[in-house]
C-alpha cells in the first residue's frame, strides 16, 4: 500500500489578519446601517446619518404624492383669501336715490359709514359662522393630510384619509350654506352699538343688499379642490392588496411539450482493486 506519509497538524496558532479599519477612519457622510442592524450601546451615529428602515428618517418632498401637496396648498390659500372680500354689501336702489345722493340729511357721525355703503362695502369670512367654519374645516383636512404624509406608513390608516375627506366635504357644505346665510353688515352693527341706537331688520333690508365678494368664490373653489384631492387619495391608499392564489390553468386544448430524455452519459465510480489503497 502506498505510503503518503503522516499528516502533520499546524505547528502553532495561525495569526489572524487584521481586517479592521485603518487609523483615523471615519464613516462616509450619509452612512446608514443595513436593515435589521442593532445599534450597540453607546454608539453615536456620524453626521448626516439617516435612520434605517422602520423609521421615518429624513423628509423627502419628492416622495409626497402631488395630490397631498394640492390639498395642503389649497387649504393655505383658502385661509389667506378668507380675510379678503368674502361678504359684500351695497346700498339698495332706495338708499342710492335718497341718502347716497343727498347725505345732508344724515348726521355727521354717520356720513363716514354711509360713504362706505354707497361705494360698496365688504367683510371677511370671519364675520359669519358658516364662512369661517368652512375655512376651519378645510384647514383641518389639510392638517390630517400632513399628518398622513409625515407619519410612518404603519401609523397611517385609511381612517385618516376618510376623515380628511369628510372634513373637506363638510367645509364645502358650510360654505354653500354661507351663500344663503349672510350676516348683517358688521360695520353698521358696530356703529349702531357705539351710538347706542337701534336698527330694525326692515330698515336694514330697505337700505342694504347683502351679497358676496370675489373671495367667497375663490374659497369655495379651493375647498372643492381639497375635497376632490382627499377623496382620490383615500381611494388610492384604500385599494385592497392582491392575494396570491394558485397559478392560472392552461387554456382548453393546451398540450405541454414532452420533455426530452436525458442522454447525458452517467459516470459510475468503481473502487480500485484490493492492495492499491
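Quick one: order 104, 157 by neighbouring beta-carbon count within 10 Å, fewest to most.
104, 157
What ranking of 216, 204 emerges when the number of other C-beta atoms within 10 Å of each C-beta is taken as an exposure proxy, fewest first?
Going from least to most buried by this count: 204, 216.
Provide 269, 185 in ascending order of the number of other Cβ atoms located within 10 Å of each residue's Cβ, fewest first.
Details: 269 4, 185 25.
By the 10 Å Cβ count, ascending, the order reads 269, 185.
Relative contact order, percent, of the range 62-237 when contacts are C-alpha pairs under 8 Å separated by at least 6 residues?
Over the range 62-237, the number comes to 41 percent.
Testing the spin-label approximation: label points 7 Å from Cα along Cα→Cβ at residue 151 and residue 109. State their distance in nm.
Here the answer is 5.5 nm between the modelled labels.
Which length gain, in nm to one decimal place, applies between residue 59 and residue 129 when the Cα-Cα distance is subtracted from 0.36 nm times their residue separation?
So the chain would gain 21.5 nm between residue 59 and residue 129.
Which shape class, rounded, prolate or oblate, goes with the range 62-237 when its Cα gyration tensor gives a ≥ b ≥ c as root eigenvalues, a/c under 1.5 marks rounded, and past that a/b bigger than b/c marks prolate? Don't skip to the end; give the middle numbers.
Working: a/c = 3.54, a/b = 3.38, b/c = 1.05.
It is prolate, given that a/c is not under 1.5 and a/b is the larger ratio.
Give, in nm to one decimal, the length gained when the segment between residue 209 and residue 76 is fully stretched (0.36 nm per residue of separation minus the Cα-Cα distance).
44.8 nm
Please compute the modelled spin-label separation between residue 158 and residue 94, points set 7 Å along Cα→Cβ, answer in nm with one decimal.
According to this spin-label approximation, the distance is 5.7 nm.
Any read-out appearing in this document is the output of simple, stated calculations on the displayed coordinates, not a laboratory observation. All values derive from a computational prediction rather than experimental measurement. Here the Cβ is made from the backbone with ideal geometry for all residues, glycine too, and neighbour counts use every protein chain on show.
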